[in-house]
Every structure is written in C-alpha cells, then in structure tokens.
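Heads up: the structure comes next, in structure tokens.
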Amino acid sequence: MTFKKYEWRIIIRILLLLITLIGTAFLIVKGLFVYLVLVLPVIIYQVTEFYKFQRKAHQELEQFVESVHYRDFSRYFDTRHAPAEIQSLREGFNEINTTFKVISKEKETQYQYLQKILELVETGILSYTEDTGEVVWMNESLKRMLQLPYLKTIHSLQRRDAELYEDILILKPGSSKIASARMEKTQIKLLLSATAFQTEGKIYKLIAFQNVNAALDETESKAWQKLLSVLTHEIMNSVAPISSLAETLKNRLQLSASELNNESGIVDDMEIGIETIKRRSEGLLKFAETYRNLNKITTLNLKKVYVRDLFENLLQLMQPTLEQKNIELETILKDTDIQLEADINLLEQVLINLMVNAMEAVKEVSEPRIVLSAYMANNRKTVIKVADNGTGMAAEVVDKIFIPFFSTKKNGSGIGLSLCKQIMMLHKGNIQVQSAEGEGTAFLLQFS
C-alpha cells in the first residue's frame, strides 16, 4: 500500500506530460505556433521535474540498497521532513527494514536457542566445510571429550590423532562408525555419525561424537561372563571325574604288592580309570582346539556371486542327505539376478550349518519341510532365509543360541552358529533367528 502512493505520483506525472505533448501536437497541426511559446516552457518544466523526481527516488533507493548490503537494518529514513514526492518511498523502506530486523532477531534467537541446546547435550558436535576443512562449529562437549580447546581446521586434528582424523574423513554422510580417540594417557571409543548439508553454495559436514566406552565395556563384560560361564561348565564337567578317578587310583596304588596280586579285579579298575582320564583329557584338548578355531577366521576373499548359483551348489551338496531323510526342500527365488559380494566358501559353510541344523530340527516331524529363500528387503538389503517346520525353540534357548559352545544337541560342539555369526559380521551383515516352540525356526542372513 505504501508503494502505491509512489506509483500514483509517477502515473500522474506521465499523464500530465502526455496531455501537454498531445496539446503541443494539436497546436502544431492547427498552425497555432504563437501558443508554442507558452507550451514549451511547460514541457521543459515537466521533464525537468520528472527527472528530479526520479533522481531523488534513485538516490533514496541507492541508500536503501547500501544499508541492506551492509545489513544495517537499524537505519531510519526520515518521513516527517522528507519531500512529499519521496515520503511514501521512505515509508516503504522503513517497513522493509522493520521486517528485516524482526527476521534477523528471530534468527538470532533461534541461533542462541540451538547453541544453548548443543552446549547442554553430552554428544560432541563438529561441523566443517568439506572443501577447505574450516571448522565452523565445535561444542563444549566435544572440546571436553577430545581435550581440545580450539580447532581451526579439521586438518589440524591430524597432528593430534591421525587415526581419528582418517576415520572422520572417510565417514560417509548417513553412516556410523566406532572409532578410537587417543587422549594423553588413555583411549576412548567413540560412535561417529555423519551427515552433510548445503547452504550458501557451500557443503558442510556435520559429525556427532558419542562416547560409547561404558556401553562397550558393559557389552564386553556380559559377553565374557557368558563365555566364562560356558567355559567353566565344560571344564568342570571334565575335571571333576578326572580328579575323582585320580584320587581312586592313588588309593589303589597305595595297596601292597601282595594285595594287588590277590585282587586281580583292581588292575582292570585301574585300566578303566586311566582310560577315562585319557578320554576326558582328550575332550579338554578338543574343546580348547575348537575354541582356537573359532577365532581363526579374520579375512575374506570377496567376489560377486549370484544367489541362484549359491543355491544350486548347496542343493547339489545337500540333496542326497535330504532324500535319504525324506525331507522336502522348497527353494524360493523370485529375482534370479540377486547378487552378493561375499566369500563364497565361507557363505556356503554358513548355509550348510543352517541346513544341517534345520534337518536336525525336523527329524521328529511327520512331514519334514525346509524352505530356502532369498529376497530384497524394504531397506534394499539382500536377505537369505532358511526356515523349517520343526519343533522350534524356547525363548531362553533363542537368547543363548549364538553363544560359543552353547548347544542343545547331545554331542554338539556349540560353535556352528557362533561361527555363522562371526562370518556374517565379517561380511558387514548380521544373522537373526525367529523361533517359537511348536512353530518352527527361521534363520535370516541380512547383507548390507
């Protein structure tokens, strides 16, 4: 509404000038040249006045643009003592400045609010430009976490902690990674999460640092407790009879030679005892060897492999056993072009273990059936599923199924599923189990 007044002033001046020009043309056509002496000064005045009017408006606009350029929204354009022709223009400039001031104040308030929030959170926050590495934000939590009072560029971190610096640089937006940060005397484990955003033509990378030392320690402690519980159970089961038999043999050997000759059955007992000690000792050695083999796999020979080829190899290997045990096998693969980047030998070992477990699970079912399938999940991750219609597992068994040396089989070693889990972790994937008593079991291999 303010600029409407200015527009009307321009329109009126143009109309008056147009009327004067039309009148001049009329006088020329009629040959009334005497009156041109009166009209020409009017035309000159109107043109001069219109130029001055536009010039003043242009000067006012230059001043306004200059104030906007330097973000000087506090500038006030006097309207009370301004010429009438630019008074409305100044009112409009003042309204725009007022709006800019409100927006700027709101942004400043939001900035201060977000700044306070970021200072209060325990998560460390770091933001820097991807092209130059200039650090634009670093909250107090991160300064305390890394014991860094100031960081000008992300490249400055390389001198302090080269490993952490590399982890930050290679971390892609949308991904997370566990990294180590070196302090003066200790190391801490950090969960790094990255995101990227673009503003004013620059790309910024935002990294969140979360200290997960306590969480990892707790998880590791629980894992060790479970492992030690299994180790203690296995070792005690073997050591107890060995100790008892050793005590018995000691007592037998303390008998005199004459008593030993008269008691021929004692020799047989000693042989049986020694054989038992030998057998249980071999069991302990086998247990230790199994534990050592569980930790041997550390590297992968990754290659592109079609899931259909993987299934064909598995069927050729398992078909005779399935037919012998009269087990029906159904294969579901709707998309035959599904590929994986995997170590085919290790992945086959995982599937063989799962198939063997499935065959064991359905041995008491009247119509045993195993379903082998592969598909793309909603998160675009490839999933291979091995399901059976066996007796299923209780909830407490499901919780322990991946613990090393835990087994529900009478002569099971308890490393099969633990090995499967380790292989899947090496593939940056995971293995999950779905089971309930009387409803069968399904193992899902999810690949990233």
Please list, in chain and number order, the residues 5+ apart from residue 139 or on another chain whose amide H is under 5 Å from its amide H, with Hs placed from the backbone. 125
Mind checking the log10 I(q)/I(0) for region 303-447 at q = 0.11, 0.14, 0.15, 0.19 Å⁻¹? Debye, one equal scatterer per Cα, no solvent, two decimals. -0.39, -0.65, -0.75, -1.24
Among 131, 388, 399, which comes first, then next, by fewest other beta-carbon atoms within 10 Å? 131, 399, 388
With 0.36 nm assigned to each residue of separation and the Cα-Cα distance removed, residue 98 to residue 18 gains 25.0 nm
In a Debye calculation with equal point scatterers on the alpha-carbon sites of region 121-211 and no solvent, what is log10 I(q)/I(0) at q = 0.13, 0.23 Å⁻¹? -0.38, -1.28
Proxy reagent accessibility, fewest Cβ within 10 Å first, across 134, 122: 122, 134
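Rule-based calculations on the coordinates, nothing more; no lab input. Keep in mind that this is a model prediction, so the values were computed, not measured. Backbone-built Cβ (ideal geometry, glycine too); neighbour counts: all protein chains shown.
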